[in-house]
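Below you will find the structure I want to go over with you.
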Amino acid sequence: MSNLAIHGGDPVAPDGLATDWPRFGDAEREALLEVLDRGTWCAAPYLFDDRRTSTVARFEDAWAEYIGTDHATAVPNGTQALELAFRAIGLDPGDEVIVPAVTFIASATAVVLANGVPRFVDVDPDTYQLDPAAVEDAITDRTAAIEVVHYGGYPAEMDALREIADEHDLYLVEDAAEAHGTAWRGQRVGSLGDVGCFSFQQGKALSCGEGGAVTYNDSTLGDRIHSYARLGRTPDGGRYEHRVPAGNFRLSEFLGGLLLAQLDRLPAQTAVRAENGRRLADRVEQIAGLSTLPDDARITDRGYYFYFLKFDPVAWPVERDSFREALGAEGIPCHTAHNDPVYTHPAFESIDERLLYDNPIDYGTVSCPVAERIYETEVVALSKDFLLDAHNVELVATALEKLAANRDDLAA
Ligand SMILES: Cc1ncc(COP(=O)(O)O)c(C=O)c1O
């Protein structure tokens, strides 16, 4: 019998991986206390004589600068960032938005919340990102927008997708909730489409517990974003002038302060994760039956939310889930990211019929074979936090190499 931990041997990482997150210190404490002591906890502009004293306003400026857009608007979470983006581009009932089959539910539900109809499209088997050829095939005269998700932090094929969007006169919305710091040809994601959407939820690379932002350049779109985020007010209108029915998507001043402090840490953390991700990929590529998402010279910076391993079932005597169990036994926690293609959730069976009009989408019959295969048999995902510590890379690589060296015993 082998020394695999799943068979009673010593695990490679008996204490698991060091994954402390979020990381914070005096800067965050001071930022929170400063807001507390100032006594203005709400970010409404009419509470500030000078906009620059609002932490949320300062964060919006700093985030726009970091992403490379003219503007950013902070919101309470990533789901509302997406809803706001789709409300701002203006979907009529029956308008379709192309959504990748591989993503978190919010990418799709936000479309429905803004009166749109998600049309699910398969992903590229190499990159796990929206497949441009499948997008072309899915465009109908109802299509209003393409939503790209930079899934796990790896960028979508932005050259081709921007071209398709321009050619068909469609909005391009980026769900960059998982891709803080990722850059394509030197431009950060969130600045490549018409609107970029971010989440600052606890697990994200920039976090304030719950938060989000939209990023954009176009000022007409910006006026609409302002109105839909701020109870229908206009940027230059009065406090009690409301031009559209809209929600209140405002972030608190405490979270603005926390985000400013966390943003100072983001570039260095992104660089460490990218370097450790590269080092792990070099080790993984030596193991028959495992691989990672491909290198691409156009990816000039790499943020992470998930580290994806591709498990080739043909090269192993067990199936992916037994492999995951064996890796877990070695002390390396892993999962399958979001488990199932997003269209399999019952949420879409109950879309209000008034939105669909005569729309032919029957969600019960949607099938995206690549997405299904990825989730069923291929993906082994590690959450990003281990990447901040080089020793974790050694532990993960050693555990994978151990499973490979004992692969015949896995089935025993
Ligand atoms: C791809 C993607 N989109 C949207 C969201 C929604 O963000 P939030 O949880 O802040 O609402 C998430 C969050 O997990 C996500 O991963």
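No lab work stands behind these numbers, since they all come straight from the coordinates. Given the structure is predicted, the values throughout are model-derived calculations rather than measurements. All Cβ positions, glycine included, derive from the backbone under ideal geometry; neighbour counts span all protein chains shown.
When the Cα atoms of the chain are enclosed in a convex hull and the volume is divided per residue, what value in Å³ results?
Here the figure is 139 Å³ per residue.
While we're here: For the charge dipole of the chain, defined by +1 on Lys and Arg C-beta atoms and -1 on Asp and Glu C-beta atoms about the Cα centroid, which residue among A177, A288, P93 has the Cα displaced farthest towards the positive pole?
A177
What distance in nm lies between label points placed 7 Å from Cα along the C-beta direction at D92 and Q187?
Inter-label distance under the simple model: 2.9 nm.
Something else now. Gain in length, E210 to D49, computed as 0.36 nm per residue apart minus the alpha-carbon separation, to one decimal in nm?
55.3 nm
With +1 on each Lys and Arg Cβ and -1 on each Asp and Glu Cβ, and nothing else charged, work out how big the dipole of segment 26-262 is about its Cα centre, in Debye to the nearest 20.
Taking the Cα centre of segment 26-262 as origin, the dipole is about 1020 debye.
Can you list the lysines whose alpha carbon is less than 20 Å from that of K402, not counting same-chain residues fewer than 8 positions off?
K310
Using alpha carbons only, what's the Rg to Rh ratio of segment 280-412 with Rh from Kirkwood?
Radius of gyration over Kirkwood radius for segment 280-412 works out to 1.08.
For K204, go through the lysines and keep the ones whose alpha-carbon is under 19 Å away, minus same-chain ones fewer than eight residues off.
Excluding near neighbours in sequence, the set is K384.
Pick out which of L172, L84, L47 has the largest mean-square fluctuation in a Gaussian network model of the chain, springs linking Cα atoms closer than 10 Å.
Of the options given, L47 has the highest mean-square fluctuation.
Using Cα pairs under 8 angstrom and six or more residues apart, how large is the relative contact order of segment 248-333, in percent?
Relative contact order comes out at 23 percent.
Okay, next question. Place a +1 charge on the Cβ of each Lys and Arg in the chain and a -1 charge on the Cβ of each Asp and Glu, then give the dipole magnitude about the Cα centre in debye, rounded to the nearest 20.
1120 debye
Another question, if that's okay. What is the packing order of peptides 372-384, 196-208, taking the mean over residues of other C-beta atoms within 10 Å and listing the highest first?
196-208, 372-384
As a check on your grasp of the helix formula, calculate [θ] at 222 nm for the chain: sum -39500 (n - 2.57) over DSSP H runs of n ≥ 4, divide by the residue count, round to the nearest 500.
Calculated at 222 nm, the ellipticity per residue is -11000 deg cm²/dmol.
Under the √(5λ) rule applied to the eigenvalues of the Cα gyration tensor, what semi-axes describe the equivalent ellipsoid of segment 26-262? Give them in Å, descending.
Over the Cα atoms of segment 26-262, the ellipsoid semi-axes are 31, 20, 14 Å.
Then there is this: Select from A177, A297, A134 the residue whose mean-square fluctuation is largest in a Gaussian network model of the chain (Cα-Cα springs shorter than 10 Å).
Result: A297 has the largest fluctuation of those listed.
Evaluate the distance, in nm, between pseudo-label points positioned 7 Å from the Cα of S219 and of D362 along their respective Cα→Cβ axes.
5.0 nm
Tell me, what is the FRET efficiency for D137 and H345 to the nearest 0.05, using R0 = 22 angstrom and their Cβ-Cβ distance as r?
With R0 = 22 Å, the Cβ-Cβ based efficiency is 0.45.
While we're looking at this one, here's another question. Going by average Cβ density within 10 Å per residue, which order do the peptides 12-20, 179-187 take, highest to lowest?
179-187, 12-20
Normalised by the residues of segment 119-224, what does the relative contact order come to in percent, with Cα pairs under 8 Å and at least six apart?
Worked out over segment 119-224, it gives 18 percent.
Can you give the FRET efficiency to the nearest 0.05 for T300 and H7, using r as the Cβ-Cβ distance and R₀ = 60 Å?
E between T300 and H7, to the nearest 0.05, is 0.85.
Same structure again: Could you check the simple spin-label distance between R373 and R58, using points 7 Å along Cα→Cβ, in nm with one decimal?
Between R373 and R58, the simple spin-label model gives 5.2 nm.
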